[in-house]
Amino acid sequence: MRQMMERWEHKHGLDTLTHKSRRLVLISYGILVAALASWALTLYQQNGNLRSALVFLLPLLLFLPSLIARRPRGHAWLCFVSLLYFMIGVNVAILPGVGWLGLLIAMAALVLFVASMGYARFRSRQLRR
């Protein structure tokens, strides 16, 4: 796997891969926040408690400063947290009536995992250069 990634870096260039993975992180992060906000709104309509609905968004929003500052370590930690959101998405996907929202959450979390892992790798190698 390591040799494959190094060949890919030599073929496409580290700057290009860093830029593309950064863009993919931002897009998937935005989609995940929007999907979770929609899920929070659905929960609020069902039980009327906004605090319990916003608990889903708080861990994700804590990574916003790291995303803005383009820190590779923050992106690496975001990988781990995105797996929790993947599990939430799978759980929401089996609920009747909101399965599409669960699939959106799961797919956005999966793309966020891969993109932030790639960005953490490419950006840290770029900074070492």
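Data table
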item	result
Trypsin sites (Lys or Arg not before Pro) restricted to segment 13-72 and DSSP loop, no more than 14 other C-beta within 10 Å	70
Accessible-area order (highest first, 1.4 angstrom probe) of the listed residues 39, 8	8, 39
Farthest positive-ward along the chain dipole, Cα basis, beta-carbon charges - from 48, 21, 8	8
Helical segments meeting 27 Å axial Cα length and Kyte-Doolittle 1.0 threshold in the chain (DSSP H)	72-93
Cα Rg, Dmax, the chain, angstrom units	16.3, 53
Estimated FRET transfer efficiency when R0 is 35 angstrom, pair residue 126-residue 34 (beta carbons, to 0.05)	0.75
Computed [θ] at 222 nm, helices only, for the chain once each DSSP H run of length n ≥ 4 contributes -39500 (n - 2.57)	-29000 deg cm²/dmol
Residue 26 paired with residue 90, simple spin-label distance in nm, labels 7 Å along Cα-to-beta-carbon	3.1
Apportionment of accessible area to carbon and sulfur, the chain, percent (1.4 Å)	68
Spin-label pair residue 2/residue 100, simplified geometry with 7 Å Cα→Cβ offset, distance in nm	4.6
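The values are calculated or read from the model by the stated rules, or taken from the named source; none is laboratory data. What you see is a predicted model; the values in this text were computed from it and never measured. Don't worry about glycine lacking a Cβ; one is built from the backbone with ideal geometry, like all the others, and counts go over all protein chains shown. For the accessible areas, the whole protein counts, side chains as well, though only heavy atoms, and no ligand, DNA or RNA atoms are used. Shrake-Rupley method; radii C 1.70, N 1.55, O 1.52, S 1.80 Å.
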